[in-house]
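One structure is given below, encoded as structure tokens.
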Amino acid sequence: MIPEPQTRISERALTVWRISGGIHSLIIWFIGAGLLALAVLFDWPLWITLGVIALCVVYAYLFVLVFPGLRWKRWRYELREQEIELQRGVFIIKRTLVPMVRVQHVDTLQGPLLRKYGLSTVTISTAATVHEIPALDVEEAEELRVSISRLARVADDDV
């Protein structure tokens, strides 16, 4: 059995994911406010109003406080000579092995939030899909990108 990957992503990912969850929660609150306005305007039953408020509160709690921590605890990766192993998930843990011979190219991405916190996401493209390693320190992401690229080139030469 292959051991669980050991390398964690940056702890600053928690802050980025909480801010992102807060932004999503604001959108949900605006939708909820619209529904509350409709409830008052059309005199809907009180349980609908309470239900909308409860859903908004639960959504904000989960996506700002709970899920980022769980997501960070589960997210791990391991770079090996022949493959990259990724582990992620909140309730269902998914482990993926990406063979080096399948890697076509590797990129780093950095949006405004990631840039503010000195983080970057590494994307690994294969013919079938794109795999991501989110929220790595910029230097670590660049080193990982170069290492994967070098190992994928060596793996290509072996085929």
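The values are calculated or read from the model by the stated rules, or taken from the named source; none is laboratory data. Quantities reported herein were computed from a predicted structural model and do not represent experimental measurements. Methodologically, a virtual Cβ is constructed for each residue, glycine included, from the backbone with ideal geometry; neighbour enumeration extends over all protein chains shown. Accessible surface areas use protein heavy atoms only, side chains included; no ligands, DNA or RNA. Shrake-Rupley method; radii C 1.70, N 1.55, O 1.52, S 1.80 Å.
Being open to solvent by less than 40 Å² (accessible area, probe 1.4 Å), outside any helix (DSSP H, G or I) and hydrophobic (A, V, I, L, M, F, W, C) is true of residue 84. Apart from one condition, residue 4 fits all of (1) open to solvent by 40 Å² or more (accessible area, probe 1.4 Å); (2) part of a loop (DSSP other than H, G, I, E, B); (3) closer than 16 Å to residue 133 by Cα; (4) in contact with a Leu (Cβ under 7 Å, 6 or more places away or on another chain); the exception is (4). Looking at the range 52-69, is at least one residue touching a Ser or Thr at 6+ places or on another chain (Cβ under 8 Å) and within 23 Å of residue 6 (Cβ to Cβ)? Scanning the range 52-69, I find no residue that is touching a Ser or Thr at 6+ places or on another chain (Cβ under 8 Å) and within 23 Å of residue 6 (Cβ to Cβ), so the answer is no. Being within 23 Å of residue 149 (Cβ to Cβ) and either touching a strand residue (DSSP E or B) at 6+ places or on another chain (Cβ under 6 Å) or surrounded by 13 or more Cβ atoms within 10 Å (Cβ to Cβ) (or both) narrows it down to one of 106, 90, so name that one. Unique residue meeting the criteria: 106.
Close Cβ contacts (under 8 Å, 6 or more residues apart or on different chains) running from residues in the range 107-124 that are on the phi > 0 side of the Ramachandran plot to residues that are open to solvent by 60 Å² or more (accessible area, probe 1.4 Å) and not in a strand (DSSP E or B) comprise 118/12. Look through the range 109-125, keep the residues that are open to solvent by less than 20 Å² (accessible area, probe 1.4 Å) and among the hydroxyl-bearing types (Ser, Thr, Tyr), and return whichever of them is nearest to the chain's Cα centre (by Cα). Across the range 109-125, the extreme among qualifying residues is 121. When residue 68 is tested against the conditions (1) open to solvent by 50 Å² or more (accessible area, probe 1.4 Å); (2) part of a helix (DSSP H, G or I); (3) at pLDDT 95 or above, the lone failure is (1). Filtered by the rule that a residue be at pLDDT 95 or above and outside any strand (DSSP E or B), the range 127-148 gives 129, 138, 139, 140, 141, 142, 143, 144, 145, 146, 147, 148. If only residues of the range 8-62 that are in a loop (DSSP other than H, G, I, E, B) and free of Cβ contacts under 8 Å to residues at least 60 places away in the same chain are counted, the one that is surrounded by the fewest Cβ atoms within 10 Å (Cβ to Cβ) is 43. Within the range 126-151, the set of residues being surrounded by 15 or more Cβ atoms within 10 Å (Cβ to Cβ), more than 22 Å from residue 14 (Cβ to Cβ) and free of Cβ contacts under 8 Å to residues at least 40 places away in the same chain comprises 126, 145.
Could you list all residues from the range 37-65 that are within 22 Å of residue 121 (Cα to Cα) and of a type in the set (Val, Ile, Thr)? 64, the sole residue that qualifies.
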